[in-house]
1. Which number in (1) out of contact with any helix residue (DSSP H, G or I) (no Cβ under 6 Å at 6 or more places or on another chain); (2) assigned to a helix (DSSP H, G or I); (3) modelled with pLDDT of 90 or more; (4) within 25 Å of residue 333 (Cβ to Cβ) marks the one condition that residue 213 misses?
2. Considering 296, 261, 284, which residue is at pLDDT 95 or above and either outside the structural domain of residue 183 (by TED's automatic domain parsing) or more than 32 Å from the chain's Cα centre (by Cα) (or both)?
3. Based on this model, can you work out whether residue 167 counts as in contact with a strand residue (DSSP E or B) (Cβ under 6 Å, 6 or more places away or on another chain) and in a helix (DSSP H, G or I)?
4. Being surrounded by 15 or more Cβ atoms within 10 Å (Cβ to Cβ), in contact (Cβ under 8 Å) with a residue 40 or more places away in the chain and not in a loop (DSSP other than H, G, I, E, B) is the filter here; which residues of the range 68-82 pass it?
5. Which of the following residues is closer than 24 Å to residue 77 by Cβ and surrounded by 15 or more Cβ atoms within 10 Å (Cβ to Cβ): 65, 49?
6. Any residue at all in the range 100-115 that is assigned by TED's automatic domain parsing to the domain that holds residue 1, under 39 Å from the mean Cα position of the chain (by Cα) and either surrounded by fewer than 18 Cβ atoms within 10 Å (Cβ to Cβ) or in a helix (DSSP H, G or I) (or both)?
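The values are calculated or read from the model by the stated rules, or taken from the named source; none is laboratory data. None of these values were measured; they are calculated from a predicted model. Every residue, glycine as well, gets a Cβ built from its backbone with ideal geometry; the counts of neighbours run over all protein chains shown.
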């Protein structure tokens with residue numbers, strides 16, 4: 001590659017033409033392979049004496065980025081393939097190294113985040129995923145507006161300090177305009193959301209409520225199974241775990257007959273199962289008032305059931321009653337179902353895209369957004385938010401924000 005005769009070199013700082021100073025040794029840039037052959041661009045880099053910057057710097061070339069040895073086209077090419085294949089498979093397919101695939105994705109994600117336009121954010125969902133063995137978590141914040149679902153921010157660890165980084169990164173102006181926040185019952189999340197988004201309608205995640213109830217039911221079943229085994233009774237609860245945890249409409253014909261037979265027994269597990277199934281009626285209500293009455297009655301019956309795991313769930317629901325009813329105050333438009341779907345995709349693709357636990361610590365921070373953001377940053381688009389959510393608030397001043405902190 002030779003510069004056009006008489007052309008001026010471009011300063012890599014101010015991106016303006018500048019007089020030449022001297023030349024460096026020849027550099028080699030790796031381009032997209034053609035028909036299985038490696039392609040390299042050879043160019044003798046020039047240095048310019050830029051009077052605007054007051055320094056002697058290396059020229060800017062259109063096909064390269066700083067000191068990277070890969071061309072921009074090749075980095076985009078590898079990053080696109082890294083969306084479909086694992087990074088190791090991408091490196092093997094194009095006979096390059098894992099580090100070069102890493103650098104390509106890092107470049108593309110950095111470009112995407114730099115040119116990302118946040119616009120109006122009406123609703124966010126907060127959750128966490130486990131990304132390695134042991135208690136190692138990532139805190140994820142998604143935009144969950146109607147028609148717009150995208151990852152906004154990822155923070156390492158599940159801590160208040162980590163979550164605070166989201167509000168710092170977004171800025172006070174964007175955070176102040178958030179209308180809905182959906183999260184689970186983790187107390188540090190609740191306190192920080194109440195502090196930072198005091199004007200937003202905070203909705204507790206329906207998925208986590210049902211998950212906690214299933215966990216309580218499974219605990220009752222396991223305890224009763226052990227008790228019946230010690231007492232020498234018939235193992236009627238044997239192999240009944242998924243029979244009880246599945247929704248009744250998802251059971252097969254044979255499973256329905258077996259469940260019908262199991263419900264004839266007077267067991268704590270059966271009573272806990274009936275309480276769990278009765279609770280599902282809550283989501284059929286549209287009125288917050290009637291939903292609240294049903295929730296109060298369900299909690300009252302559960303507290304009299306003498307089933308401690310279910311009573312623990314009832315006490316938790318009473319403590320977070322208003323946040324649960326906010327789901328109905330938002331006209332059932334906001335839930336973190338989409339967040340759970342995106343989290344599931346993230347968990348499935350964790351090994352496919354990036355193993356954060358295998359990266360050296362200096363690089364881990366730089367690519368904390370890579371494994372998911374690479375999917376949206378390669379072709380950044382301006383995503384327009386739907387105004388339907390904001391229409392709810394001006395006409396409903398009675399919406400309950402955050403209940404008084406019980407602590």
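1. Only one criterion in (1) out of contact with any helix residue (DSSP H, G or I) (no Cβ under 6 Å at 6 or more places or on another chain); (2) assigned to a helix (DSSP H, G or I); (3) modelled with pLDDT of 90 or more; (4) within 25 Å of residue 333 (Cβ to Cβ) is unmet by residue 213, namely (1).
2. 296
3. Values: in contact with a strand residue (DSSP E or B) (Cβ under 6 Å, 6 or more places away or on another chain): no; in a helix (DSSP H, G or I): yes.
When the stated conditions are applied, residue 167 does not pass them.
4. Taking the range 68-82 as the starting set, the residues that turn out to be surrounded by 15 or more Cβ atoms within 10 Å (Cβ to Cβ) are 68, 70-72, 74-82.
Then drop every residue that is not in contact (Cβ under 8 Å) with a residue 40 or more places away in the chain, which leaves 70-71, 74, 76-77, 79-80, 82.
Correct list: 70, 74, 76, 77, 79, 80, 82.
5. Result: 65 is the single residue among 65, 49 that is closer than 24 Å to residue 77 by Cβ and surrounded by 15 or more Cβ atoms within 10 Å (Cβ to Cβ).
6. Looking only at the range 100-115, we keep the residues that are assigned by TED's automatic domain parsing to the domain that holds residue 1, and these are none.
For the range 100-115, residues assigned by TED's automatic domain parsing to the domain that holds residue 1, under 39 Å from the mean Cα position of the chain (by Cα) and either surrounded by fewer than 18 Cβ atoms within 10 Å (Cβ to Cβ) or in a helix (DSSP H, G or I) (or both): absent.
Conditions (1) exposed (fewer than 15 other Cβ atoms within 10 Å of the Cβ); (2) farther than 30 Å from residue 302 by Cβ; (3) assigned by TED's automatic domain parsing to the domain that holds residue 325, marked per residue:
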{"site": "170", "(1), (2), (3)": "no, yes, no"}
{"site": "174", "(1), (2), (3)": "no, yes, no"}
{"site": "195", "(1), (2), (3)": "yes, yes, no"}
{"site": "211", "(1), (2), (3)": "yes, no, yes"}
{"site": "225", "(1), (2), (3)": "no, no, yes"}
{"site": "238", "(1), (2), (3)": "yes, no, yes"}
{"site": "250", "(1), (2), (3)": "yes, no, yes"}
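Residue-wise test of (1) more than 30 Å from residue 326 (Cβ to Cβ); (2) touching a helix residue (DSSP H, G or I) at 6+ places or on another chain (Cβ under 6 Å).
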| residue | (1), (2) |
| --- | --- |
| 199 | no, no |
| 205 | no, no |
| 208 | no, no |
| 220 | no, yes |
| 223 | yes, no |
| 228 | yes, no |
| 239 | yes, no |
| 242 | yes, no |
| 246 | no, no |
